[in-house]
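First up is the structure itself, then whatever we jot down about it.
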Amino acid sequence: MHELSITESVLEIVLRHANSANAQHVRKIQLVIGDLASIVDDSVQFYWDIISKDTLAEGATLQFRRLPIELLCLDCQNHFQPETDRFDCPRCGSSRLQIISGREFYVESIDVETNLPMSSYQNEQI
């Protein structure tokens, strides 16, 4: 259910930037989601279709780009992407790890229609 509040935050960001660009309509939103973020694309899309009604963003396409999990072993400095659900270093077996990537969730870009040429906004964390 947390996808509802996340989707509301996305809509707020999109509308704020669309309004500042004097947009007439939002065409497309690119979202970046790390594989460790507990966000379900279909749920975000479901809530988007409901809460964006009667806004500049109604009918906008949501595109999801997933980022893989990347870890750093704090013992041997090995940088790796786990290939299974096991989170230990494939080089030394240590479980002392730092997450480098995989928790992200942000609006990467917003494409809007204006009376001007195509406008775009990029990268705002949610």
Out of all the residues in the range 84-94, is one or more part of a helix (DSSP H, G or I), among the basic types (Lys, Arg) and over 16 Å from the mean Cα position of the chain (by Cα)? no
Give me a count of the residues in the range 62-93 that are among the small types (Gly, Ala, Ser) and surrounded by 14 or more Cβ atoms within 10 Å (Cβ to Cβ). 0
Verdict on Val14 being in contact with a Phe, Trp or Tyr (Cβ under 8 Å, 6 or more places away or on another chain) and either assigned to a helix (DSSP H, G or I) or closer than 30 Å to Ile99 by Cβ (or both): no
Selection over the range 95-126 where residues are in a loop (DSSP other than H, G, I, E, B) and modelled with pLDDT of 95 or more yields a count of 5
Could you grab me the full set of residues in the range 24-38 that are surrounded by 19 or more Cβ atoms within 10 Å (Cβ to Cβ) and in contact with a helix residue (DSSP H, G or I) (Cβ under 8 Å, 6 or more places away or on another chain)? Val26, Ile29, Leu31, Ile33
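The values are calculated or read from the model by the stated rules, or taken from the named source; none is laboratory data. A quick note: this is a predicted structure, and the numbers were derived from the prediction, not measured. Because the Cβ atoms are built from the backbone with ideal geometry, glycine has one as well, and the counts that use them run over all protein chains shown.
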